[in-house]
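Here it is: the structure, laid out below.
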Amino acid sequence: MRHRRMLAGIGLAAAAALTLTACNSGSPTAAPGTDGGEPADTSSLWEVNTEVDLAGSPTYDRMVERDGVVVGVKNDQPGLGIEDATTGERTGFDVDIARWIAASLGFDEEQIEYVTIPSANREQAIVNGDIDYYVGTYSITDSRDEQIDFAGPYFITGQGLLVAADNEDIAGPDDLAGKIVCSVTGSTPLQRIRDEYSPGDTVEYDTYSQCVEQLKAGSVDAITTDEAILAGYVALEPDELKIAGEPFSEERYGVGLEEGDTALKDWINTLFTEGGDTWTALFDIHLAPAGISGEQPDVDE
């Protein structure tokens with residue numbers, strides 16, 4: 001029997017109420033879901049879909065057979081994807097995008113398994129079927145698109161530089177001569193800084209939080225990645241860290257999917273297109289308090 005597609009949205013009143021709650025809870029410079037403030041409750045932004053019509057998606061068939069969703073995420077990016085070391089609770093803009101997608105597919109929070117996957121391992125995890133989809137500051141690039149598919153984009157940011165708050169030597173990527181720059185293995189920002197600019201040296205780790213520790217210890221001069229990620233760290237430690245200069249690229253975040261799963265890609269793109277109020281509410285809760293600006297982009301056809 002063919003079921004009617006029901007995509008959950010959010011009423012304007014609910015969006016306004018949640019935005020007001022986000023603005024009034026904790027420090028305005030603290031990224032939600034971090035030690036700077038209480039995680040926002042976003043569960044009322046969507047309902048679990050009870051009537052899903054998604055024929056032709058091998059990924060969705062796997063979810064149904066398993067009776068659950070396995071999502072690849074990041075766990076150390078304030079405001080985007082963070083995991084509480086004590087409780088294991090996951091919060092952030094990307095985490096809620098993943099939850100919103102799962103709900104549209106008929107799965108509640110208890111049916112979601114989150115798997116932390118380093119940047120360098122994302123494509124392989126999707127290709128192997130280890131995860132159903134990936135939501136974690138995942139830039140859409142031509143090389144990645146040869147191995148997997150992307151839904152979205154659902155957010156656009158740009159590459160930036162993070163330095164110590166008292167650093168007056170670095171105001172942009174052209175000031176990196178003789179400097180040591182840190183990023184994560186397998187990331188687009190690391191490759192760009194090597195290919196297009198002239199740092200003295202680069203070092204790489206599995207996570208950006210490791211780079212932050214190296215920066216605070218004075219072992220590296222700067223960290224490079226997307227400005228949306230860097231702003232979360234600045235929000236946590238504004239007396240120690242700052243963003244140097246303006247963004248110098250365009251990074252389009254997408255949802256990583258199994259190559260050829262057009263049915264799931266179209267489903268998620270429709271969810272994003274019809275769910276603008278939900279997107280705005282999530283942005284206002286998780287990213288706006290860290291000083292990030294932006295609007296929902298159009299999805300790729």
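The values are calculated or read from the model by the stated rules, or taken from the named source; none is laboratory data. Fair warning: this is a prediction, and the values are worked out from it, not measured in the lab. Because the Cβ atoms are built from the backbone with ideal geometry, glycine has one as well, and the counts that use them run over all protein chains shown.
Has the stretch 121-138 got at least one residue that is of a type in the set (A, V, I, L, M), buried (at least 24 other Cβ atoms within 10 Å of the Cβ) and in the same structural domain as T278 (by TED's automatic domain parsing)?
Step one: of the stretch 121-138, the residues of a type in the set (A, V, I, L, M) are 125-127, 131, 135.
Within this subset, residues satisfying the condition of being buried (at least 24 other Cβ atoms within 10 Å of the Cβ) are 126, 135.
Filter once more, so that each one left must be in the same structural domain as T278 (by TED's automatic domain parsing): 126, 135.
Scanning the stretch 121-138, I find at least one residue that is of a type in the set (A, V, I, L, M), buried (at least 24 other Cβ atoms within 10 Å of the Cβ) and in the same structural domain as T278 (by TED's automatic domain parsing), so the answer is yes.
Please determine whether any residue of the stretch 172-185 is surrounded by fewer than 24 Cβ atoms within 10 Å (Cβ to Cβ), out of contact with any strand residue (DSSP E or B) (no Cβ under 8 Å at 6 or more places or on another chain) and over 30 Å from Q214 (Cα atoms).
No; the residues of the stretch 172-185 include none that is surrounded by fewer than 24 Cβ atoms within 10 Å (Cβ to Cβ), out of contact with any strand residue (DSSP E or B) (no Cβ under 8 Å at 6 or more places or on another chain) and over 30 Å from Q214 (Cα atoms).
Kindly evaluate G56 against the criterion of being among the small types (G, A, S) and either outside any strand (DSSP E or B) or at pLDDT below 95 (or both).
Working: among the small types (G, A, S): yes; either outside any strand (DSSP E or B) or at pLDDT below 95 (or both): yes.
So G56 passes the test.
Take the stretch 131-147 and flag every residue that is part of a loop (DSSP other than H, G, I, E, B) and touching a helix residue (DSSP H, G or I) at 6+ places or on another chain (Cβ under 8 Å).
First, pick out the residues of the stretch 131-147 that are part of a loop (DSSP other than H, G, I, E, B): 131-132, 135-138, 140-141, 146-147.
Correct list: I131, D132, V135, G136, T137, Y138, T141, Q147.
On the given criteria, is R144 under 26 Å from G81 (Cα atoms), of a type in the set (D, E, K, R), surrounded by fewer than 23 Cβ atoms within 10 Å (Cβ to Cβ) and touching a strand residue (DSSP E or B) at 6+ places or on another chain (Cβ under 7 Å)? Steps first, please.
Values: under 26 Å from G81 (Cα atoms): yes; of a type in the set (D, E, K, R): yes; surrounded by fewer than 23 Cβ atoms within 10 Å (Cβ to Cβ): yes; touching a strand residue (DSSP E or B) at 6+ places or on another chain (Cβ under 7 Å): no.
Against the criterion (under 26 Å from G81 (Cα atoms), of a type in the set (D, E, K, R), surrounded by fewer than 23 Cβ atoms within 10 Å (Cβ to Cβ) and touching a strand residue (DSSP E or B) at 6+ places or on another chain (Cβ under 7 Å)), R144 does not qualify.
What helices (runs of 4 or more DSSP H) lie completely within the stretch 160-254 and have 3 or more residues being out of contact with any helix residue (DSSP H, G or I) (no Cβ under 6 Å at 6 or more places or on another chain), hydrophobic (A, V, I, L, M, F, W, C) and not assigned by TED's automatic domain parsing to the domain that holds D149? Spell out how you get there, then give the answer.
Numbers: elements: 188-196, 208-217, 227-236.
So the answer is 208-217, 227-236.
Among what's in the stretch 215-233 and is crowded, with 17+ Cβ neighbours inside 10 Å and polar (S, T, N, Q), pick the residue that is nearest to D169 (Cα to Cα). Spell out how you get there, then give the answer.
Just the residues of the stretch 215-233 that are crowded, with 17+ Cβ neighbours inside 10 Å, to begin with: 215, 220-233.
Remaining after also requiring polar (S, T, N, Q): 224-225.
Details: T224: 15, T225: 19 Å.
Top of the filtered list is T224.
Please specify each residue of the stretch 100-118 satisfying the condition of being crowded, with 16+ Cβ neighbours inside 10 Å and more than 14 Å from the chain's Cα centre (by Cα).
A102, A103, S104, L105, G106, F107, Q111, I112 - these are the residues of the stretch 100-118 that are crowded, with 16+ Cβ neighbours inside 10 Å and more than 14 Å from the chain's Cα centre (by Cα).
Also: Can you tell me which condition F272 does not meet? The list is (1) more than 25 Å from I292 (Cα to Cα); (2) at pLDDT 95 or above, and all the others hold.
That leaves (1) as the condition not met.
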